[in-house]
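Participant: The structure that follows is given in the form of structure tokens.
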Amino acid sequence: MPVEPLVAGVDEAGRGPLAGPVAVAAVILDVRRPIDGLADSKALTAARRESLAGAIRERALAHAVVIVDVPEIDAINVLAASLEGMRRAVAALETTPGQVLVDGNQVPRLACPCRAVVGGDALEPAISAASILAKVERDAYMTALDGRFPGYGFARHKGYATREHLEALARLGPCPEHRRSFAPVRGAMGDLFRD
């Protein structure tokens, strides 16, 4: 009987925000140690994500999370940075997968077969697991950032373009963790020079 190739699920968190990095995770689940409750990280409460992240780290055959920082996002654009993060996350796995499933409609260049799965974070358990690890890692990063750069509300909105964040950006200007390649941040920088 042929052995099924090991499948890694890959997903990112943080492509849309105005500030902070993109976090990318890759996970190879162990079919002998299933994890109940895996789902798209956005459909879970923060407490449930934390609980599942612990189970994933404990039971997965392999997992890796990489951070792609703001200077790299600004240098190559957020999509290219996300795809590069996916490549790095797969490369960081302690076990080499035979196939990679990526949430979305684009895939990174990898040595093994790779398939895009639109809505994969809700359909494929390995992608769900990667989604959870990436979101937990990025949320923790943004909460820590709130202490380094108070006034923006990073712990609450995680860098997304909420009304609170846009008002703080207009009032305070961008901090080093704001993505200068994103239009609202460039606009806030222009407002500072006009004042």
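Participant: Assuming a viscosity of 0.890 mPa s and a temperature of 25 °C, what translational diffusion coefficient in µm² per second does Stokes-Einstein assign to the range 99-163, Rh being the Kirkwood radius over Cα pairs?
Facilitator: Estimated via Stokes-Einstein, D reaches 180 µm²/s.
Participant: Which order, highest average first, do 17-24, 60-67 follow once you tally other Cβ atoms within 10 Å for each residue and take the mean per peptide?
Facilitator: 17-24, 60-67
Participant: Also: For a quick check: sort D30, D11 by the number of other beta carbons within 10 angstrom, fewest at the front.
Facilitator: D30, D11
Participant: Related question: Using 0.36 nm per residue, how much length does the chain from A92 to R59 gain when fully extended, once their Cα-Cα distance is taken away?
Facilitator: Contour length minus Cα-Cα distance gives 10.1 nm.
Participant: How big is D for the range 7-194, in µm² s⁻¹ as a whole number, if Stokes-Einstein is applied with the Kirkwood radius of its Cα pairs at 4 °C and 1.567 mPa s?
Facilitator: Diffusion coefficient, whole number: 77 µm²/s.
Participant: Where does the chain land at 222 nm, in deg cm²/dmol rounded to the nearest 500, when only DSSP H runs of n ≥ 4 count, each adding -39500 (n - 2.57), divided by all residues? Show your work: numbers first, answer last.
Facilitator: Details: 8 runs with 90 residues, N = 195.
Calculated mean residue ellipticity at 222 nm is -14000 deg cm²/dmol.
Participant: Counting pairs of alpha carbon atoms under 8 Å apart in space and at least six apart in sequence, what relative contact order in percent does the range 7-194 give?
Facilitator: 31 percent
Participant: If I model a spin label at R33 and R115 as a point 7 Å from the Cα along the Cα→Cβ vector, what separation in nanometres do I get?
Facilitator: In this crude spin-label approximation the distance works out to 2.6 nm.
Participant: Would you mind telling me which residue in L52, L101, L172 has the biggest mean-square fluctuation in a Gaussian network model of the chain, where springs connect alpha carbons within a distance under 10 angstrom?
Facilitator: Result: L172 has the largest fluctuation of those listed.
Participant: Sticking with this structure for a sec: Dipole of the range 107-195, Cα-centred, from +1 at each Lys and Arg C-beta and -1 at each Asp and Glu C-beta, to the nearest 20 debye?
Facilitator: Result for the range 107-195 is approximately 240 debye, rounded to the nearest 20.
Participant: To the nearest 10 degrees, how steep is helix 183-194 against the longest Cα principal axis of the chain, on a 0 to 90 scale?
Facilitator: 20 degrees
Participant: While we're here: In the chain, if the dipole is taken from +1 on Lys/Arg beta carbons and -1 on Asp/Glu beta carbons about the Cα centre, which of Y152, A116, I73 is farthest to the positive end?
Facilitator: Working it through, the farthest residue towards the positive pole turns out to be Y152.
Each reported figure results from applying straightforward, stated rules to the coordinates on display, with no laboratory input. Note that the structure is predicted; figures quoted are calculated from it, not measured. Note that we place each Cβ from the backbone using ideal geometry, even for glycine, and neighbour counts take in every protein chain shown.
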